[in-house]
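Written out below as structure tokens is the structure these notes cover.
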Amino acid sequence: MGLTATKARPARREVPKSRGGRPTKSAAIERDQRLIEVATRLFLDRGYDATSLDAVAEAARVSKPTVYSRYGDKRGLFAEVLRREIARWLAPLAEAAEGQLTRSSDISVEQRLIEVGREMLMFTCGPDAVAFSRMMTSQAINFPDIAKLGKEEGWLKAVSTTARFFDHLVAQGAMDVEDTGIAAEVFLDVVVGHTHRMATFGTPLEMKSAEKRMRLAIRLFLAGALGPSSRVQSAPKGTTKGTIRRRSSR
């Protein structure tokens, strides 16, 4: 009888345990971090549907019962991965906004927003962010709680961070808006919304053109579609206040 080759399985990693047999606190934290890192890589490489908890357990070198007891099911694991990734994506935005709060007031508002917008483009249109956005969108119908997590942990926190930055600019007299929350939503939409959608659809991102679009969007955001308020108040005869006057085509 011939010998049959068998595939070598990765050795299970020994986890330091306390006297009661349970992993120590530091060992449990390290194990969970490893599980999330492995799951993140597998979700990105294989997609949501093709990633199983068994595969995650094997790649992370932990027992299957450990994964199931910690996260319950694949949806619970994906939610935890998504939560960590969103926090990682939002960190540059928070840092950029906080950094602008300490900048000299001599720097124009436009330049401040451009610097914040540049950070937003980098992390929202990166390959990992786009891949998770696609997975979240595809699973949102079947798992509404994942869509809710993306909204609450991602979009709403980004709006809140941007609104706090706008509050500071309003306090300085650099901006004059009635509702900084709505202003933050509009700003995020016009600055990165289109570029992120195109990246999600698979359109290659050209950073030079994306930044050009961002700069023009910020100028539009700051000026408003109607231009200076004096122009709105003194509308020419035959026009209605608030009507946008178009440039003649040449």
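Things worth noting here:
- Which of F187, F201 is most accessible, then next, and so on - probe 1.4 Å: F201, F187
- Rounded if a/c under 1.5, otherwise prolate or oblate - region 117-217, Cα gyration tensor axes: oblate
- Percent carbon-and-sulfur accessible area, region 68-114, ignoring ligands, DNA and RNA, probe 1.4 Å: 49
- Toward the positive end of the charge dipole of region 181-223, with +1 on the Cβ of Lys and Arg and -1 on the Cβ of Asp and Glu, the farthest Cα among F201, V191, L216 is that of L216.
- Taking trypsin sites (Lys or Arg not before Pro) across region 28-122, the ones in a DSSP loop with at most 12 further Cβ atoms lying within 10 angstrom of their Cβ are R103.
- Listed pairs K25/K64; K25/K74; K25/K148 exceeding 29 Å between Cα atoms: K25/K148
The values are calculated or read from the model by the stated rules, or taken from the named source; none is laboratory data. Quantities reported herein were computed from a predicted structural model and do not represent experimental measurements. Methodologically, a virtual Cβ is constructed for each residue, glycine included, from the backbone with ideal geometry; neighbour enumeration extends over all protein chains shown. Heads up: the accessible areas ignore ligands, DNA and RNA and are worked out on the full protein's heavy atoms, side chains in. Shrake-Rupley method; radii C 1.70, N 1.55, O 1.52, S 1.80 Å.
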